[in-house]
Amino acid sequence: MSEKFTVEIISPSRLILKADSSEVTIPAYEGQMGILKDHVPLITFLRPGLILIKSEDEKIFFVEDGTVEFNNNVLLILTSTAKTLNELNKVEIDEMIRRSNELLENDKVTDKEKYLLHYKIRTLQEINI
Amino acid sequence: MPSLDDLKKRIKSVKSTQKITKAMKMVAAAKLRKAQENAERGRPYSQKMQNIILNLTKSINDPENAPKLLTGTGKDKVYLCVVLTADRGLCGGFNSNICKLAKVNFKKYLSTGKELKIITVGSKGLDQLKREYGKYIINKFSFKDIKQISFKEAEKIGNEIIKLFKENKFDKCILFYNNFKNVITQIPQAQQIIPAENNLTDEKKEENISSYEFEPEEDEILEDLLPKNITTQIFKAFLENAASEQGSRMTAMDNATRNAGDLVDKLTINYNRSRQASITKELIEIISGAESL
């Protein structure tokens, strides 16, 4: 189909995913962002959230941070924290939520970090159900 | 002339050494394949990261307000050198090649009146630099206990460097490591990571100026991206180093095995000769004894 573009998720140690997709939703720093074919060139970075990749089947990744570039119908996601939902089990998620909550109560945390932590907790709670 | 017994012992000991070097070579070869794969898989990430940063820097209109990590402090006084070496020896010239290059550079900096600060990663580099440059070493890392170096370790070093930079402890940061080219060639390299080097040619810059949409603003992205890039570069250096170490060890051990084989051959000839000589001698003694009767 001509309505597709390439998505690549690359972590420092390997290529996690290279696939064609018709629509990708990413948790950009300032809000969810849907990307279709022929999007304008774009650079942004991610907050904790879920990446949704639509092709024949839908793929979901959990990320904590990362950088995104879209150019010439190639969507490049650079992240060191991408995980598929299968890779996360309940114990791990609970642990991550607990640690994030602890951090939130710490006074030294800046507003920006609080914002990111807030999203992390919310996303984690979402997938925990 | 060593006695027969001595020769026998030496042959035995050389043979057992050969066994060890052969085993080490085999282990290194197996590890090399994995390390090489890792290094090759890690390359796209750092390359793409560099690309994005390049695109970003081009679209910054106001270079004076650009983040310091990109443009540097504007001074050129204090050099921070990060020397990455292995934790294990017996890998040919691997460690000493890095140290040699580092020392040449250290000398250059010191002779031009710069201030020098050193961070060593890996115990072998520390051992070699300690004597001459011990007073400049401000921190040392060793990941001896960790089997597979991951991004976390690189982050640890990256954070340390960034912390020092924010405290204005240095102006330039240079990374020393071995670049893995192939199994027999590893090139020791000095890479400047702060301020970020812009080594792409101008023509390439021209064609790439597609107007990007930034969200949030350019400088905000850069501020987030640059520390990450430093960590990425360090991680890349780690991977290259790991592959180089195994490659270097493999060639070194291959040579050692071959040398041991040559030595065994030579000793065996010696052994046989002196055995024959002693037999001949005994025979002569018997014959001349019989003749005299």
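Can you find a residue that is within 14 Å of chain B (Cβ to nearest Cβ) and modelled with pLDDT under 85 anywhere in region A:87-110? Yes: one or more hits.
Each row is one residue, and each column tells you yes or no for (1) among the charged types (D, E, K, R); (2) surrounded by 13 or more Cβ atoms within 10 Å (Cβ to Cβ); (3) modelled with pLDDT of 80 or more; (4) more than 25 Å from B:Gly74 (Cβ to Cβ).
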{"residue": "B:Leu200", "(1), (2), (3), (4)": "no, yes, no, no"}
{"residue": "B:Ser211", "(1), (2), (3), (4)": "no, no, no, yes"}
{"residue": "B:Glu215", "(1), (2), (3), (4)": "yes, yes, no, yes"}
{"residue": "B:Pro227", "(1), (2), (3), (4)": "no, yes, yes, no"}
{"residue": "B:Ile230", "(1), (2), (3), (4)": "no, yes, yes, no"}
{"residue": "B:Ile234", "(1), (2), (3), (4)": "no, yes, yes, no"}
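Within region A:74-126, the only residue that satisfies the criterion of being part of a loop (DSSP other than H, G, I, E, B) and under 16 Å from A:Met33 (Cβ atoms) is A:Thr79.
The strands (runs of 3 or more DSSP E) located wholly in region A:1-63 that include 2 or more residues which are away from chain B (no Cβ under 14 Å) and in contact (Cβ under 8 Å) with a residue 60 or more places away in the chain occupy A:49-54.
The values are calculated or read from the model by the stated rules, or taken from the named source; none is laboratory data. Remember, it's a predicted structure, so these values are computed and weren't measured experimentally. Neighbour counts run over all protein chains shown; Cβ positions are idealised from the backbone, glycine included.
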